[in-house]
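Some notes on the structure that comes next.
The numbers here are math on the coordinates, done by the rules we state, and not lab data. Values in this document were obtained by computation on a predicted structure and should not be read as measured data. Positions of Cβ are generated from backbone atoms using ideal geometry, with glycine treated the same way; all protein chains shown enter the neighbour counts.
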Amino acid sequence: MLSRKNKLLLLKVLSLFSVVRGYNLLMIVLAQYLASIYILSPNLPLRQVVFDVNLFVIVIASALVIAAGYIINNFYDAEKDLINKPRKTMLDRLVSQRFKLSTYFVLNFLAVFAASYVSFRAVLFFSAYIFGIWFYSHKVKKIPFFGNFVSATLAITPFFAVFVYYKNFETVIFVHAMFLFLLILARELIKDLENISGDVAQNYRTIPIIYGVNVSKFLIAILMLLTLIPALLLIFKFDVGYMNYYFAGCILLFMLFLGILFKSSTRKHFLWLHNILKLVIVVGVFSILLIDVDLVLNRIL
């Protein structure tokens, strides 16, 4: 049996894990590696990519900056989240705001220090990324649509880091990136619908608050229809192997998504829509393995 002190320590560790969204960090790390292996450097030996120290440092630095970003976002949204996510917020509050801020600075310092191993340009890149996340949380977040756009851009920035590292400028990579960007942007707009109560209480100027729920739904629908363009291109124009089944499934799911969207009226409905897009993104990460199954087996063997 754990002592009371150890139980409290365990709860604080879980609290910090919740604040930095450890599950998201693990998924981003996995996505960066899979994208590096099967999309950005398909002709390099598997061992050379997996054991590339520079890639490892870039991925770790990205994870540290993102974790710090979740902390500063949690710091600024503490009051709003108490309304929108009361259970999660109570867990998050087991760790003091002072400790969160200290951890924020330590994580960012470690990220820049790690980036210095790769190059000075990597230091500049991650320093700019850190500033961008802070500026978004402090100022930009409350600007309708532009805040959502910046948030989606920051979300795909870690993939831009490995993209620049491999200097692979094939069109198919940009199409993949556009598909992911549009999905994340649509998810950001859905989160605004989820969080209306807290946003109103904290005087946030989001699209559903200023222009209404129907305008938000219309914009989300447009984004989902735009997402069909890169999905269809990846199915019919580019060779993505068995991953074309993933994109075909996405198209069918998006049709269902749109049907649910226009019937949605409660936070529970919007949470369902949010989870659908989250599932699409997570399944998409693992579907990268399907791009060329034979190539995967050959590279492993």
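At a glance:
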read-out	value
Cα gyration tensor category, rounded, prolate or oblate, for the chain with a/c compared to 1.5	oblate
For L34, L252, L107, L193, order by how many other beta-carbon atoms lie within 10 Å, fewest first	L252, L34, L107, L193
FRET efficiency for A201 and I251, using Cβ-Cβ distance with R0 set to 45 Å, rounded to 0.05	0.75
Neighbour count of at most 11 Cβ within 10 Å plus DSSP loop: longest chymotrypsin sites (Phe, Trp or Tyr not before Pro)-free window in the chain	170-301
Whether the stretch 13-146 is rounded, prolate or oblate, judged on the alpha carbon gyration tensor where a/c under 1.5 counts as rounded	prolate
Longest segment of the chain lacking trypsin sites (Lys or Arg not before Pro) that sit in a DSSP loop with at most 12 other Cβ atoms within 10 Å	1-138
Within the chain, helix-based [θ] at 222 nm, where runs of 4 or more DSSP H residues each add -39,500 (n - 2.57), nearest 500	-26500 deg cm²/dmol
Cross-link pairs beyond the 23 Å C-alpha cut-off, checked among K12/K80; K85/K141; K237/K263	K237/K263
